[in-house]
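The values are calculated or read from the model by the stated rules, or taken from the named source; none is laboratory data. These numbers come from a predicted model, not from an experiment. Glycine also receives a Cβ, built like all others from the backbone with ideal geometry; neighbour counts cover every protein chain displayed. Heavy atoms of the whole protein, side chains included, go into the accessibility calculation; ligands, DNA and RNA do not. Shrake-Rupley method; radii C 1.70, N 1.55, O 1.52, S 1.80 Å.
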Amino acid sequence: MAGNSQRRNRRTSNKKGAQVGSGGKRRRGLEGKGPTPPASARKGHVKNRVANAKAKQAAARRPAPRRGGAKGTAELVVGRNPVVEALREGVPATTLYVQQFIDSDERVREAIQLATEGGLNLLEAPRPELDRMTNGLNHQGLVAQIPPYDYAHPEDLSAAAFDAGEDPLIVALDGVTDPRNLGAVVRSVSAFGGHGVVVPERRAAGMTAGAWKTSAGTAARTPVARATNLTRALESYQKAGLTVVGLAADGELELQDLDVLDGPVVIVVGSEGKGLSRLVGETCDVRVRIPMPGGAESLNAGVAAGVVLWEAARRRA
(Lines give C-alpha, C1' and ligand atoms only; values in the text may rest on other atoms or scores of the structure.)
Protein backbone atom coordinates (compact mmCIF):
# COMPACT_ATOMS: atom_id res chain seq x y z
CA MET A 1 0.00 0.00 0.00
CA ALA A 2 2.80 2.36 0.86
CA GLY A 3 4.46 1.63 -2.47
CA ASN A 4 1.23 2.41 -4.34
CA SER A 5 0.85 5.68 -2.46
CA GLN A 6 4.37 6.76 -3.32
CA ARG A 7 3.84 6.02 -7.01
CA ARG A 8 0.54 8.00 -6.97
CA ASN A 9 2.25 10.96 -5.32
CA ARG A 10 4.98 10.96 -7.94
CA ARG A 11 2.38 11.02 -10.75
CA THR A 12 0.50 13.98 -9.27
CA SER A 13 3.57 15.96 -8.23
CA ASN A 14 3.97 19.46 -9.76
CA LYS A 15 7.71 19.40 -9.41
CA LYS A 16 9.42 20.04 -12.74
CA GLY A 17 12.40 17.99 -13.66
CA ALA A 18 14.47 17.18 -16.70
CA GLN A 19 12.34 15.89 -19.56
CA VAL A 20 13.55 13.20 -21.89
CA GLY A 21 13.40 14.00 -25.56
CA SER A 22 13.33 17.84 -25.40
CA GLY A 23 15.06 18.03 -28.78
CA GLY A 24 17.63 20.49 -27.55
CA LYS A 25 15.12 23.30 -27.07
CA ARG A 26 16.82 24.46 -23.92
CA ARG A 27 20.18 24.57 -25.68
CA ARG A 28 18.77 26.61 -28.60
CA GLY A 29 17.18 29.00 -26.14
CA LEU A 30 20.62 29.90 -24.88
CA GLU A 31 21.86 30.81 -28.34
CA GLY A 32 21.90 34.44 -29.51
CA LYS A 33 19.35 35.84 -31.98
CA GLY A 34 21.88 37.44 -34.30
CA PRO A 35 22.73 41.12 -34.75
CA THR A 36 20.23 43.75 -33.64
CA PRO A 37 18.14 44.91 -36.66
CA PRO A 38 18.26 48.58 -37.62
CA ALA A 39 15.78 50.92 -35.97
CA SER A 40 13.76 51.27 -39.19
CA ALA A 41 13.10 47.50 -39.11
CA ARG A 42 12.15 47.21 -35.43
CA LYS A 43 8.40 47.15 -34.93
CA GLY A 44 7.17 50.00 -32.76
CA HIS A 45 10.28 52.11 -33.16
CA VAL A 46 9.67 55.67 -34.37
CA LYS A 47 11.98 55.15 -37.33
CA ASN A 48 10.01 52.04 -38.30
CA ARG A 49 6.79 54.07 -38.30
CA VAL A 50 8.41 56.74 -40.45
CA ALA A 51 9.68 54.13 -42.95
CA ASN A 52 6.22 52.54 -43.17
CA ALA A 53 4.60 55.92 -43.76
CA LYS A 54 7.05 56.71 -46.55
CA ALA A 55 6.37 53.35 -48.18
CA LYS A 56 2.62 54.00 -48.10
CA GLN A 57 3.12 57.45 -49.64
CA ALA A 58 5.29 55.98 -52.39
CA ALA A 59 2.64 53.37 -53.15
CA ALA A 60 -0.06 56.03 -53.27
CA ARG A 61 1.99 58.04 -55.74
CA ARG A 62 2.16 55.14 -58.16
CA PRO A 63 -1.41 54.47 -59.24
CA ALA A 64 -2.02 51.49 -61.48
CA PRO A 65 -2.18 52.70 -65.10
CA ARG A 66 -5.60 52.67 -66.72
CA ARG A 67 -4.84 51.97 -70.34
CA GLY A 68 -7.22 52.74 -73.12
CA GLY A 69 -8.28 56.37 -73.10
CA ALA A 70 -10.98 57.94 -75.24
CA LYS A 71 -10.92 57.75 -78.99
CA GLY A 72 -11.07 60.83 -81.20
CA THR A 73 -13.04 61.12 -84.41
CA ALA A 74 -11.84 60.47 -87.94
CA GLU A 75 -10.86 63.54 -89.93
CA LEU A 76 -10.45 64.50 -93.58
CA VAL A 77 -7.77 66.86 -94.85
CA VAL A 78 -9.10 68.51 -97.99
CA GLY A 79 -7.32 70.40 -100.80
CA ARG A 80 -3.98 70.13 -102.53
CA ASN A 81 -1.90 72.42 -100.29
CA PRO A 82 -3.34 71.15 -96.96
CA VAL A 83 -2.88 67.52 -98.04
CA VAL A 84 0.72 68.01 -99.13
CA GLU A 85 1.58 69.96 -95.96
CA ALA A 86 0.00 67.30 -93.76
CA LEU A 87 1.90 64.49 -95.48
CA ARG A 88 5.16 66.44 -95.27
CA GLU A 89 4.72 66.89 -91.51
CA GLY A 90 4.03 63.22 -90.91
CA VAL A 91 0.36 63.54 -89.98
CA PRO A 92 -0.70 59.88 -89.61
CA ALA A 93 -3.01 59.59 -92.60
CA THR A 94 -4.13 56.15 -93.69
CA THR A 95 -5.63 56.78 -97.13
CA LEU A 96 -5.13 59.27 -99.94
CA TYR A 97 -8.08 59.72 -102.30
CA VAL A 98 -7.19 61.03 -105.75
CA GLN A 99 -9.86 62.20 -108.18
CA GLN A 100 -10.19 60.27 -111.43
CA PHE A 101 -8.81 62.10 -114.48
CA ILE A 102 -7.32 64.79 -112.27
CA ASP A 103 -5.26 67.56 -113.86
CA SER A 104 -1.94 66.65 -112.32
CA ASP A 105 0.46 69.31 -111.09
CA GLU A 106 3.51 69.39 -108.81
CA ARG A 107 1.41 69.20 -105.63
CA VAL A 108 -0.55 66.19 -106.85
CA ARG A 109 2.63 64.37 -107.83
CA GLU A 110 4.28 65.14 -104.47
CA ALA A 111 1.20 63.99 -102.55
CA ILE A 112 1.14 60.68 -104.42
CA GLN A 113 4.88 60.22 -103.89
CA LEU A 114 4.64 60.95 -100.15
CA ALA A 115 1.66 58.62 -99.80
CA THR A 116 3.51 55.84 -101.59
CA GLU A 117 6.63 56.29 -99.46
CA GLY A 118 4.54 56.37 -96.30
CA GLY A 119 2.63 53.20 -97.10
CA LEU A 120 -0.77 54.89 -97.39
CA ASN A 121 -3.65 53.36 -99.28
CA LEU A 122 -4.01 55.08 -102.66
CA LEU A 123 -7.57 55.12 -103.94
CA GLU A 124 -8.93 56.69 -107.11
CA ALA A 125 -12.45 58.07 -106.80
CA PRO A 126 -14.84 59.95 -109.10
CA ARG A 127 -15.44 63.61 -108.35
CA PRO A 128 -19.06 63.09 -107.16
CA GLU A 129 -17.80 60.64 -104.54
CA LEU A 130 -15.21 63.13 -103.24
CA ASP A 131 -17.88 65.86 -103.22
CA ARG A 132 -20.07 63.61 -101.08
CA MET A 133 -17.22 62.72 -98.70
CA THR A 134 -16.28 66.37 -98.13
CA ASN A 135 -19.81 67.79 -98.06
CA GLY A 136 -19.11 69.83 -101.16
CA LEU A 137 -15.84 71.44 -100.01
CA ASN A 138 -13.30 72.53 -102.62
CA HIS A 139 -11.13 69.42 -102.40
CA GLN A 140 -9.25 70.08 -105.67
CA GLY A 141 -9.11 66.35 -106.29
CA LEU A 142 -7.10 65.39 -103.17
CA VAL A 143 -8.45 64.13 -99.85
CA ALA A 144 -6.45 62.50 -97.05
CA GLN A 145 -8.15 60.46 -94.34
CA ILE A 146 -6.84 60.74 -90.75
CA PRO A 147 -7.86 57.95 -88.33
CA PRO A 148 -9.24 58.73 -84.85
CA TYR A 149 -6.52 59.76 -82.39
CA ASP A 150 -5.90 57.21 -79.64
CA TYR A 151 -5.91 59.33 -76.47
CA ALA A 152 -4.24 58.14 -73.30
CA HIS A 153 -5.93 58.14 -69.89
CA PRO A 154 -4.69 61.01 -67.65
CA GLU A 155 -3.36 58.51 -65.09
CA ASP A 156 -1.25 56.86 -67.80
CA LEU A 157 0.99 59.93 -67.93
CA SER A 158 1.91 60.02 -64.24
CA ALA A 159 2.16 56.23 -64.02
CA ALA A 160 4.62 56.10 -66.93
CA ALA A 161 6.80 58.76 -65.29
CA PHE A 162 6.82 57.01 -61.90
CA ASP A 163 7.58 53.67 -63.58
CA ALA A 164 10.61 55.28 -65.22
CA GLY A 165 11.79 56.58 -61.84
CA GLU A 166 11.06 60.20 -62.77
CA ASP A 167 8.92 62.95 -61.27
CA PRO A 168 5.98 63.62 -63.59
CA LEU A 169 5.99 66.87 -65.57
CA ILE A 170 2.58 67.26 -67.20
CA VAL A 171 0.75 70.15 -68.87
CA ALA A 172 -3.05 70.43 -68.66
CA LEU A 173 -4.96 72.81 -70.93
CA ASP A 174 -8.12 74.51 -69.69
CA GLY A 175 -10.35 76.03 -72.35
CA VAL A 176 -7.72 76.09 -75.13
CA THR A 177 -9.66 75.68 -78.38
CA ASP A 178 -7.04 76.37 -81.05
CA PRO A 179 -5.45 73.10 -82.29
CA ARG A 180 -2.30 75.01 -83.20
CA ASN A 181 -1.84 75.98 -79.54
CA LEU A 182 -2.27 72.35 -78.55
CA GLY A 183 0.33 71.32 -81.13
CA ALA A 184 2.73 73.99 -79.86
CA VAL A 185 2.32 72.76 -76.26
CA VAL A 186 2.95 69.16 -77.34
CA ARG A 187 6.12 70.32 -79.05
CA SER A 188 7.32 72.18 -75.93
CA VAL A 189 6.53 69.24 -73.64
CA SER A 190 8.60 67.00 -75.89
CA ALA A 191 11.47 69.52 -76.08
CA PHE A 192 11.76 70.00 -72.31
CA GLY A 193 11.36 66.41 -71.16
CA GLY A 194 7.71 66.47 -70.12
CA HIS A 195 5.52 63.38 -69.87
CA GLY A 196 2.40 64.44 -71.74
CA VAL A 197 -0.53 66.80 -72.16
CA VAL A 198 -4.07 66.59 -70.77
CA VAL A 199 -7.04 68.19 -72.53
CA PRO A 200 -10.72 68.22 -71.56
CA GLU A 201 -13.12 66.14 -73.58
CA ARG A 202 -15.47 69.07 -74.30
CA ARG A 203 -15.00 72.64 -75.47
CA ALA A 204 -11.30 72.12 -76.11
CA ALA A 205 -8.93 71.50 -78.99
CA GLY A 206 -8.17 67.89 -79.85
CA MET A 207 -5.44 66.18 -81.81
CA THR A 208 -6.53 67.22 -85.28
CA ALA A 209 -4.38 67.42 -88.38
CA GLY A 210 -3.67 71.06 -87.49
CA ALA A 211 -2.36 70.08 -84.06
CA TRP A 212 -0.24 67.33 -85.60
CA LYS A 213 1.32 69.77 -88.06
CA THR A 214 2.13 72.37 -85.40
CA SER A 215 3.73 69.71 -83.19
CA ALA A 216 6.29 69.17 -85.97
CA GLY A 217 6.18 65.40 -85.55
CA THR A 218 6.60 65.36 -81.75
CA ALA A 219 2.98 64.20 -81.29
CA ALA A 220 4.17 60.76 -82.41
CA ARG A 221 6.19 60.36 -79.17
CA THR A 222 4.40 62.66 -76.69
CA PRO A 223 1.09 61.27 -75.38
CA VAL A 224 -2.03 63.39 -75.16
CA ALA A 225 -4.69 62.34 -72.65
CA ARG A 226 -8.33 63.35 -72.70
CA ALA A 227 -10.16 63.94 -69.40
CA THR A 228 -13.92 63.65 -69.09
CA ASN A 229 -13.73 66.17 -66.24
CA LEU A 230 -10.53 68.23 -65.93
CA THR A 231 -11.14 69.21 -62.29
CA ARG A 232 -11.50 65.58 -61.21
CA ALA A 233 -8.40 64.64 -63.22
CA LEU A 234 -6.40 67.32 -61.38
CA GLU A 235 -7.73 66.11 -58.01
CA SER A 236 -6.64 62.59 -58.94
CA TYR A 237 -3.15 63.89 -59.69
CA GLN A 238 -3.08 65.61 -56.29
CA LYS A 239 -3.96 62.35 -54.54
CA ALA A 240 -1.07 60.72 -56.40
CA GLY A 241 1.35 63.28 -54.94
CA LEU A 242 1.56 65.82 -57.78
CA THR A 243 1.41 69.57 -57.18
CA VAL A 244 -1.06 71.40 -59.44
CA VAL A 245 0.29 74.78 -60.56
CA GLY A 246 -2.06 77.15 -62.40
CA LEU A 247 -0.81 79.98 -64.61
CA ALA A 248 -2.73 83.19 -63.98
CA ALA A 249 -2.02 86.88 -64.51
CA ASP A 250 -3.05 87.56 -60.90
CA GLY A 251 -1.20 84.61 -59.40
CA GLU A 252 0.11 84.96 -55.86
CA LEU A 253 3.65 83.93 -56.82
CA GLU A 254 6.01 84.87 -59.61
CA LEU A 255 7.54 82.03 -61.58
CA GLN A 256 11.04 82.51 -60.17
CA ASP A 257 9.66 82.17 -56.62
CA LEU A 258 7.97 78.82 -57.26
CA ASP A 259 9.90 76.00 -55.56
CA VAL A 260 7.99 72.89 -56.71
CA LEU A 261 9.01 72.62 -60.36
CA ASP A 262 11.76 70.11 -59.61
CA GLY A 263 9.21 67.65 -58.18
CA PRO A 264 6.06 65.94 -59.50
CA VAL A 265 3.96 68.71 -60.99
CA VAL A 266 1.06 69.52 -63.31
CA ILE A 267 1.14 72.90 -65.05
CA VAL A 268 -2.35 74.17 -65.91
CA VAL A 269 -2.63 76.69 -68.74
CA GLY A 270 -5.87 78.54 -69.48
CA SER A 271 -7.08 80.28 -72.62
CA GLU A 272 -5.48 83.56 -73.64
CA GLY A 273 -8.68 85.55 -73.17
CA LYS A 274 -10.45 83.98 -70.18
CA GLY A 275 -7.57 82.30 -68.37
CA LEU A 276 -8.37 79.51 -65.93
CA SER A 277 -11.98 78.57 -65.29
CA ARG A 278 -13.24 79.12 -61.74
CA LEU A 279 -13.35 75.48 -60.64
CA VAL A 280 -9.96 74.67 -62.14
CA GLY A 281 -8.43 77.77 -60.56
CA GLU A 282 -9.81 76.80 -57.13
CA THR A 283 -8.43 73.28 -57.53
CA CYS A 284 -4.85 74.45 -58.14
CA ASP A 285 -2.46 74.19 -55.18
CA VAL A 286 -0.81 77.45 -56.20
CA ARG A 287 -1.29 80.04 -58.93
CA VAL A 288 1.73 81.55 -60.61
CA ARG A 289 2.24 84.56 -62.85
CA ILE A 290 4.93 84.98 -65.50
CA PRO A 291 6.64 88.38 -65.15
CA MET A 292 6.46 90.35 -68.38
CA PRO A 293 8.57 93.53 -68.22
CA GLY A 294 7.50 94.45 -71.73
CA GLY A 295 3.97 95.14 -70.59
CA ALA A 296 2.06 92.48 -72.51
CA GLU A 297 -1.20 91.52 -70.79
CA SER A 298 -0.99 87.80 -71.56
CA LEU A 299 0.75 85.07 -73.54
CA ASN A 300 -0.90 82.44 -75.67
CA ALA A 301 -1.03 78.92 -74.29
CA GLY A 302 1.87 77.61 -76.36
CA VAL A 303 4.27 80.37 -75.32
CA ALA A 304 3.22 80.37 -71.65
CA ALA A 305 3.65 76.60 -71.37
CA GLY A 306 7.04 76.81 -73.08
CA VAL A 307 8.32 79.40 -70.59
CA VAL A 308 7.33 77.34 -67.52
CA LEU A 309 8.56 74.07 -69.04
CA TRP A 310 11.94 75.66 -69.74
CA GLU A 311 12.18 76.78 -66.11
CA ALA A 312 11.20 73.30 -64.91
CA ALA A 313 13.79 71.66 -67.17
CA ARG A 314 16.47 74.07 -65.91
CA ARG A 315 15.78 73.20 -62.28
CA ARG A 316 15.69 69.47 -62.97
CA ALA A 317 18.97 69.46 -64.87
- Task: Largest first and to the nearest Å, give the Cα extent of the range 79-193 along each principal axis.
- Result: 56, 31, 20
- Tell me, in nm to one decimal, what length is gained between V286 and R221 on full extension, where the rule is 0.36 nm per residue of separation less the Cα-Cα distance? 20.5 nm
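Within 13 Å, Cβ to Cβ, of C284, how many net charges do the neighbouring residues add up to if Lys/Arg are +1 and Asp/Glu are -1?
-3
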- Message: If amide hydrogens are placed 1.01 Å from N in the peptide plane, which non-local residues have theirs closer than 5 Å to the one on V268?
- Response: A172, V245, G246, L247
- Note on the structure: Amide H proximity to A125 below 5 Å, modelled H, separation 5+ or other chain, gives V98, Q99, Q100
- Antiparallel DSSP bridges in the range 183-299: what percent, to the nearest 5? 5
- Message: Could you derive backbone 3J(HN,Hα) for the range 140-154 from the dihedral phi with the Karplus parameters 6.51, -1.76 and 1.60 (θ = phi - 60°), listing whole Hz in sequence and x where the residue is Gly or Pro?
- Response: 6, x, 10, 9, 10, 9, 10, x, x, 6, 8, 6, 7, 8, x
- Roughly how many Å is it from the Cα centre of the range 226-284 to that of the range 122-174, as a whole number? 26
- Query: Quick one: if the Förster radius is 30 Å, what FRET efficiency do A74 and L279 give, using the C-beta to C-beta distance and rounding to 0.05?
  - Reply: 0.40
- Quick one: which residues, 5+ away or cross-chain, put their amide H under 5 Å from the amide H of V143? H built at 1.01 Å from N. Y97
- Two-decimal Rg/Rh across the range 152-241, once Rg and the Kirkwood Rh are taken from alpha-carbon atoms: 0.95
- Item | Modelled label reach - S104, point 7 Å along Cα→Cβ, the range 130-154 residues with backbone N closer than 15 Å | 142
- Task: Restricting things to alpha carbons, find the Rg to Rh ratio for the range 102-258 using the Kirkwood radius for Rh.
- Result: 1.09
- Quick one: how many Å² of E235 are accessible to a 1.4 Å probe, rounded to 10? 80
